[in-house]
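Read the figures in this text as sums done on the coordinates, not as results from a lab. All values reported here derive from a predicted model rather than from experimental measurement. Methodologically, a virtual Cβ is constructed for each residue, glycine included, from the backbone with ideal geometry; neighbour enumeration extends over all protein chains shown.
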Amino acid sequence: MNVPLLDLKAQYAGIRDEIREVVDDVFESQYFILGPHVEDLEARIAAYCTTQYAVGVSSGSDALLVALMTAGIGPGDTVITTPYSFFATAGSIVRTGATPVFVDIDPETYNISPGHVKQRIESMSAEQQKTLKALIPVHLYGQCADMDPLKEIAERYRLLIVEDAAQAIGSEYGGRRAGCMGDFGCFSFFPSKNLGAFGDGGIVTTDSDSWWERLKIMRVHGSHPKYYHRFIGGNFRLDAVQAAVVAVKLKYLDNWTAARQENAAAYRRMFADAGLASIQLPVEKQNRHVYNQFVIRVPGQRDQLRRHLQENGIGTEVYYPVPLHLQECFAHLQHREGDFPVAEDASRQTLALPIYPELTNEQQIYVVEKIKQYYD
Ligand SMILES: *Cc1c(COP(=O)(O)O)cnc(C)c1O
């Protein structure tokens, strides 16, 4: 049996006619950059995320970058974030000229640990504390970071919060949607995300009138009015084709999320029945986990297990094999192995299994069977 990590063709088959219609509409209009389709998507995403505004941008990475640029973060500033995320989380900080300050994660949710954030800030000198400008929590794998204590810390030290919600559209924390809890919420429409475009795309949410105005200016090279530049922005614009595709898919998102949650529940039953107790399944601490990924933690031989599954036609992925503080390009930050042991353990032990909405029960049974076979 073949079980890919993700099967976008299965999703497309169900929405082909609708997608072709809207894409054809864009083609006929020959209006490709920003414009009515982008504005329509912005209104829909803002409503979905329960924010005042949303600004369509070129990718999730650019969503983070343009949010930080809009907030005026740059050289001499520091930004607290997690070492266990996709590269762009820290890359965006460094691209503004600021410096990331990594803080270790919670071993159950893999999200940044508020207790460690507090400790880290308290261990800083008054001088160092003054350079602190923002906090980027990542809602990893589709589950929100522990936002209440993080917000408390941010208020106390006057830090902006930029939520990296690239994996978490629709996820909730105490009934609040990802992207509505910080100053900015950054989302990705990379095709493999829960809400994916047919290319690159992203969006930034905000409740602030002034951030909203500034985001729209930053997205077009800081130009306002046209050809007059008070700020240096970039080309962070979203295409009409991508916006039109995402607007169609957004209508299905809650159904797809429900299917992911059902698949997660099915895995839990199957793992329990198989007696695979040494494998740690995702720990649901927040009330709406959207399962962008279903990530298990295996006690040992993760890479061998992965190979075994691959040989049996099962796709898996390691998110992420090298924590950010140990990436070669951040060597100047002078981190060493052992600095963030929880993140380092996670990078050695976690494995993402197929969880996409169209995954069948038979496929899931087969996945769990092959994992059991490996450990028997
Ligand atoms: C995917 C992702 C991004 C970047 O999004 P792109 O659209 O690929 O640029 C940023 N942060 C996290 C946590 C992601 O998973």
Review point. Which net charge results for the neighbourhood of His308, defined as the other residues with beta-carbon distances under 13 angstrom from its beta-carbon, given Lys and Arg at +1 and Asp and Glu at -1?
Key: +1
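If contacts are Cα pairs under 8 angstrom and at least 6 residues apart, what is the relative contact order of region 253-375 in percent?
Numbers: 129 pairs, mean separation 46.4, N = 123.
Over region 253-375, the number comes to 38 percent.
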**Study point:** 11 Å beta-carbon shell around Val101, net charge (K/R +1, D/E -1)
**Key:** +1
Check your understanding: If the viscosity is 1.567 mPa s and the temperature 4 °C, what translational diffusion coefficient in µm²/s does Stokes-Einstein give for the chain when Rh comes from Kirkwood over Cα pairs?
Key -> 61
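Which FRET efficiency, nearest 0.05, do Phe27 and Asp209 yield, Cβ-Cβ r, R0 35 Å? Intermediate results must be reported in sequence, preceding the final value.
Numbers: r = 35 Å, r/R0 = 0.99.
Working from the Cβ atoms, E equals 0.50.
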Point to revise | Total charge dipole magnitude, region 253-375, about the Cα centre, Cβ charges on Lys, Arg, Asp, Glu only, Debye to nearest 20 | key: 240
Revision key, fill the gap. One would report the antiparallel percent of DSSP beta bridges in the chain, rounded to the nearest 5, as 60
Review point. Just how large is the dipole of the chain about the Cα centre, in debye to the nearest 20, putting +1 at every Lys and Arg Cβ and -1 at every Asp and Glu Cβ?
Key: 440
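For the chain, what is the calculated [θ] at 222 nm in deg cm²/dmol (nearest 500), taking -39500 (n - 2.57) for each run of four or more DSSP H residues and dividing by its residue count? Before the final figure, lay out each step's value.
Working: 13 runs with 157 residues, N = 376.
The per-residue figure over the chain is -13000 deg cm²/dmol.
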Practice item. Using Cα positions and a limit of under 16 Å, work out the aspartates and glutamates in reach of Lys285, with same-chain residues fewer than 8 apart set aside. Key: Asp106, Glu108, Asp146, Asp148, Glu172
Revision key, fill the gap. Here the gain from full extension of Ala13 to Glu362, 0.36 nm per residue of separation minus their alpha-carbon distance, amounts to 123.6 nm
Practice item. Let me have the relative contact order for the chain, percent, based on Cα pairs under 8 Å that are six or more residues apart. Key: 23
